[in-house]
Every structure is written in structure tokens, then in C-alpha cells.
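Single-structure report; data block below.
The values are calculated or read from the model by the stated rules, or taken from the named source; none is laboratory data. Just so you know, these numbers come straight off a predicted model, no measurement behind them. Cβ: placed from backbone, ideal geometry, glycine included. Neighbour counts: every protein chain shown.
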Amino acid sequence: MLDWKQDPHRRYNPLTHEWVLVSPHRTQRPWQGQMEETAAAAQPEYDPTCYLCPGNSRAGGVRNPPYASTFVFDNDFAALKPDTGVDRFERGGLLLAEAEPGICRVVCFSPRHNLTMANMDLDALRLVVDTWVDQFGDLGARPFINYVQIFENRGAMMGASNPHPHCQIWSSRSVPNEVTKEQVSQQDWREDRGACLLCEYLRLERASRERLVEENESFVALVPFWAVWPFEIMLIAKRHMTGIDRLNPTERSGLAGILKSVTGRYDRLFKVSFPYSFGFHQRPTDGLTHDEWHLHAHFFPPLLRSATVRKFLVGYEMLATPQRDIAAETAAERLRQV
Ligand SMILES: [Zn+2]
Ligand SMILES: [Zn+2]
Ligand SMILES: [Zn+2]
């Protein structure tokens, strides 16, 4: 019989229909690869050179207001623009292009340059949640916006250009690739079984508790069975809901609470301000009800065995299948302990 925490095997992700290769025995190999620099020295509360701090000017000369809580503005270097017209290009079924209008925004979580979700207080984080809900409503209500992607890149290792606590919202006419994969799976599951894929998954995970990191009254944090990144976490709403706008006031505070708690665990794991990409998955804003969608969020952090050794998804991952070095159960256990 296989030892699922030690022996090489592959695991299936029912949300994307993709497999991940799990090879836990590999963590015993000596590491001679790249070591990352550890995080820079402590940041000041206000940085006169930061383009996100209150009162500072951004590229193009716009000056930030002296904001006191959250602050939202249209991205000065937006990947998508609202005034992009409608057009389509096609040759022989092989060359295909479509115009993609959209709106990109930046949300500063706090006027304080040196905070992170882990060390913001709960009231301030609740305001961030409220801002996400407002933005989802505002952007999603526009006829040409069919998906609103809220995401945060944290840390230079993940390409974040600025340590000031902030996230981005890219909203687009089309539904993005990863969201489309998850949507098709949730739709199929609902049609085939008359149930919600993630409600059923949550039931399994809460019964076994092997991969649970923690839970509060509104959300569960777990290392998914099919995790690719070493300490990947999914936050799943306990109640079935299609989007962040369906959270009641208690659940909004519950989301703020679990975000603070999970990012705190990450920081304690390797005693470093933990880098990650984080973001929500929820229903498209195309006017349909999308009862198949179950609100959740993903944390994809790259660190593998210390503050300086990260996981790269290259070679085999790019050409074949993603591979991970520690079992999801082991990762969950380590995150529970910090
Ligand atoms: Zn700043
Ligand atoms: Zn559900
Ligand atoms: Zn997802």
C-alpha cells in the first residue's frame, strides 16, 4: 500500500481537471539551488518616495489625497482600458484575437506604508473587505465588465513593485482562463450531481481535518488536497454563496479575521514577511445568477523550506505537470503549529 505522505503519486484537482505530481521524498535532497535574499530592513510608517503613501505624487503627476483608511484609484499603467472598442481578428481558425476592454484599479489597504494584512487591526481589515465588496459591485455593474478579479502580489519575490499594503482589481469583458476552468467544473458537477462541488469538498475536509489549517464562524482555511505550491491555502466560505457581495456583516468580519490569521501563520512559518499571490474566485458579473459558483480565495506562496529557498515552477512543470515536494497534509500540519 502506498504511503500518501511519502511515496510519489499524482493528485487530481476537480476544479481545473488538472493533475499535480507529489514527490515528498524529494525534500530530503540537498539544496544547491538559488537562495533568495531575506526581506529588506523594516519599512518606515511613511515613505516620501512611495507612490502609494498619502499626499505623495504618482507617475503622471497625480497627487494622492491625504487618505485615512482605504484608497482606490484607477491604475496609472492599466493593462486594460475602458474605451477599447469591439474588434475581432481570425485567420484559418489558427490566428484569433479579440479586443478586450476593462478597468484596472489599485486599492491601498491603509495609509501606513509598513503594514501588511498580518499586522493590520481587524477593523481596518474589515474596511478593506467592505472596499472589495463596493468595487465588485461598482465594476461588475458595468455592461462591458463580465469578471472582476481582485488579487494581491505580496513581496518582491512575487513581483510586487512596492511594499505599501495594496491590491489590484482587474475587471474585464472576458472571463479569465483559470476562472473559466473552475466555472465549467462547478457547472458540470452541479448538473451531474445536483450539488455544489465546493460545498461537498468542504464537507469532506471538515470531516477528516487532515488538511484544515483553521476555521472561524464564516470561513475555512485549508491546504487543498491538490495543492501545487508548497504552502498553498484555500479560503472557502462556509455558507454557499456565489460572490463576495453576498457576505453578511458577520461573514465580512469573519473574512477579515481569517485573512489576518492566515497571513500571520505564513509570517511565523519561516520568520519572514511571507510572499504570496492571493486572490478571490467568484461568479462572473455577466448578469446571470451562476448558482454553481462558490466564493473562495487562493493563496499561492512560493517559499518551500525556509525564508531563502523557494519553489520554482519550471522545466517539468512548464512542459509536463506541476510537481510538489511536500504532501498537502504535512504542509497543513506545519501551518497549524505556528
Ligand atoms: Zn507607501
Ligand atoms: Zn457551495
Ligand atoms: Zn479558485
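Quick check on the range 37-56: of everything there that is aliphatic (A, V, I, L, M) and modelled with pLDDT under 95, which residue is nearest to ligand 2 (Cβ to nearest atom)? Don't jump to the end; show me each part of the working.
Within the range 37-56, the subset aliphatic (A, V, I, L, M) is 39-42, 52.
Subset that is modelled with pLDDT under 95: 39-42.
Numbers: ALA39: 37, ALA40: 41, ALA41: 44, ALA42: 42 Å.
Of everything passing the filter in the range 37-56, ALA39 is nearest to ligand 2 (Cβ to nearest atom).
Check whether at least one residue in the range 151-165 is modelled with pLDDT of 95 or more, more than 16 Å from ligand 2 (Cβ to nearest atom) and in a helix (DSSP H, G or I), and report yes or no. Taking every residue of the range 151-165 in turn, none turns out to be modelled with pLDDT of 95 or more, more than 16 Å from ligand 2 (Cβ to nearest atom) and in a helix (DSSP H, G or I). Note on the range 56-98: residues that are touching a residue at least 40 places away in the same chain (Cβ under 8 Å), more than 24 Å from PRO165 (Cβ to Cβ) and assigned to a loop (DSSP other than H, G, I, E, B) amount to 1. Per the conditions (1) away from ligand 1 (no atom under 16 Å from the Cβ); (2) loosely packed, with under 11 Cβ neighbours inside 10 Å, the sole criterion not satisfied by ALA68 is (1). Somewhere in the range 90-109, is a residue surrounded by 18 or more Cβ atoms within 10 Å (Cβ to Cβ), in contact with a helix residue (DSSP H, G or I) (Cβ under 6 Å, 6 or more places away or on another chain) and of a type outside the set (Val, Ile, Thr)? Yes, there is a match, as at least one residue in the range 90-109 is surrounded by 18 or more Cβ atoms within 10 Å (Cβ to Cβ), in contact with a helix residue (DSSP H, G or I) (Cβ under 6 Å, 6 or more places away or on another chain) and of a type outside the set (Val, Ile, Thr). Among the residues of the range 270-281, is any under 19 Å from the mean Cα position of the chain (by Cα), within 16 Å of ligand 2 (Cβ to nearest atom) and either surrounded by 20 or more Cβ atoms within 10 Å (Cβ to Cβ) or not small (Gly, Ala, Ser) (or both)? Scanning the range 270-281, I find at least one residue that is under 19 Å from the mean Cα position of the chain (by Cα), within 16 Å of ligand 2 (Cβ to nearest atom) and either surrounded by 20 or more Cβ atoms within 10 Å (Cβ to Cβ) or not small (Gly, Ala, Ser) (or both), so the answer is yes.
Per the conditions (1) in a loop (DSSP other than H, G, I, E, B); (2) surrounded by fewer than 17 Cβ atoms within 10 Å (Cβ to Cβ); (3) of a type outside the set (Val, Ile, Thr), the sole criterion not satisfied by GLU178 is (1). Within the range 217-238, residues that are under 18 Å from GLU200 (Cβ atoms) have Cβ atoms under 7 Å from residues that are assigned to a loop (DSSP other than H, G, I, E, B) and among the hydrophobic types (A, V, I, L, M, F, W, C) in these pairs: ALA237/LEU295, counting only partners at least 6 apart in sequence or on another chain. Each residue in the range 190-219 was checked for being within 12 Å of ligand 2 (Cβ to nearest atom) and crowded, with 20+ Cβ neighbours inside 10 Å, and 4 pass. On the stretch given as the range 166-175, residues that are within 16 Å of ligand 1 (Cβ to nearest atom) and either more than 22 Å from MET234 (Cβ to Cβ) or in a helix (DSSP H, G or I) (or both) total 1.
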